[in-house]
Amino acid sequence: MIQPLSPLAFTTRLFFCALMWSSGFLFMKSMAGTIDPMAMASVRGVIAATVLSGWFLVRRLSPLPTRNELVPWLVLGTFNGWLPNILTAFALIHIAVSLGSMIQASGPLLVAVMSHFAFAEETLTPRKIGGILVGFFGMAVLIGPAALMEAEGAAIGVAAMVCVSVSYALGNVYARQVRHVEPSRMALGQQAVSGLVATLLTLAFSGSAAYLPTLEHAPEMIALGIIATALPITLYMGLIRSNGPTKAAMIGYLLPVFATGLAVLLLGEHVGLRDLLGGAIILAGVYTVSTAPSMIRG
């Protein structure tokens, strides 16, 4: 059994994981509307899988899946891989980084609800229930009618990001139940399947020509695949296994802060009062849920 990390070690790894992961929003936004979302997810997954495979080969370990790794690779490659990657790239064509990242911040609330039914030690307590209700109220403030009417296509962008949050939540809860696969191999499998499926989808629906614009954005694509994908997902898988999905999902508390700050500084995005208020309420709910003590059901 993997021992939980100390509070300092957990916080440090979570901090760096969130910083790297949040940079992905900026890379995707800078290419939004220029590169097909499926092609972007395809190249992102292939680069990440290549880097992780190289790491395994350097250590003289096989990057190929064993029989008992196939199902976890397929499940995580879908719910934490190609599906949310395509949806996020699509959503950022229509909405700002700040709004997208704040919607994704609701993930820990969904994880808490799902974990209640999946794990005896993750039962919902009154405090957790209160935090979930607060968080969903923040979502209502953030993505109310005003937000949906701000830009053409905003509603579909918001809907896509809500699906992203649900997908990640399902993947995170499933990852906690996979005890026979090392976190680094789960990260490898996730990206391998993500890159493969996204590539097949790109070729089937958009054709090989969809990859041409990625050559013009090679530095951003490489950074997206390595800095914002391969490195943070490996760290995150380890956090899920060591400290549980609910605590690891605290990354949702940091992601919107980093992503919004970077978007304002580097992309010149404007964050309004409603965005700040809705985001703050969501994060208050996430904090309440993530720091609530666990209770084992009898």
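The values are calculated or read from the model by the stated rules, or taken from the named source; none is laboratory data. Quantities reported herein were computed from a predicted structural model and do not represent experimental measurements. Cβ placement follows ideal geometry from the backbone for every residue including glycine, while neighbour counts extend to all protein chains displayed.
Observations on the model:
- Number of positions in the range 109-120 that are farther than 14 Å from residue 174 by Cα and in contact with a helix residue (DSSP H, G or I) (Cβ under 9 Å, 6 or more places away or on another chain): 1
- Any hit, the range 122-135, residues being touching a Lys or Arg at 6+ places or on another chain (Cβ under 9 Å), part of a loop (DSSP other than H, G, I, E, B) and within 24 Å of residue 289 (Cβ to Cβ): yes
- Within the range 142-165, residues that are more than 17 Å from residue 108 (Cβ to Cβ) have Cβ atoms under 6 Å from residues that are modelled with pLDDT under 75 in these pairs: 154/148; 155/148; 158/143, counting only partners at least 6 apart in sequence or on another chain.
- Qualifying residue in the range 80-88 (condition: in contact with a Gly (Cβ under 6 Å, 6 or more places away or on another chain) and either under 14 Å from residue 234 (Cα atoms) or at pLDDT 95 or above (or both)): yes
- Condition check for residue 220: touching a helix residue (DSSP H, G or I) at 6+ places or on another chain (Cβ under 8 Å), modelled with pLDDT of 85 or more, of a type in the set (D, E, K, R) and under 18 Å from residue 51 (Cβ atoms): yes
- Condition check for residue 284: more than 13 Å from the chain's Cα centre (by Cα) and either closer than 17 Å to residue 169 by Cβ or of a type outside the set (D, E, K, R) (or both): yes
- Residue in the range 4-15 that is assigned to a helix (DSSP H, G or I) and among the charged types (D, E, K, R) present: yes
- Residue match in the range 52-71 (condition: modelled with pLDDT of 95 or more, out of contact with any His (no Cβ under 7 Å at 6 or more places or on another chain) and closer than 14 Å to residue 221 by Cα): no
- Unique residue being buried (at least 22 other Cβ atoms within 10 Å of the Cβ), closer than 30 Å to residue 118 by Cα and over 16 Å from the mean Cα position of the chain (by Cα) when the list is 228, 198: 198
- Among the residues making up the range 26-81, those that are surrounded by fewer than 23 Cβ atoms within 10 Å (Cβ to Cβ), of a type in the set (Gly, Ala, Ser) and either part of a helix (DSSP H, G or I) or free of Cβ contacts under 8 Å to residues at least 24 places away in the same chain (or both) are 30, 53, 54, 62.
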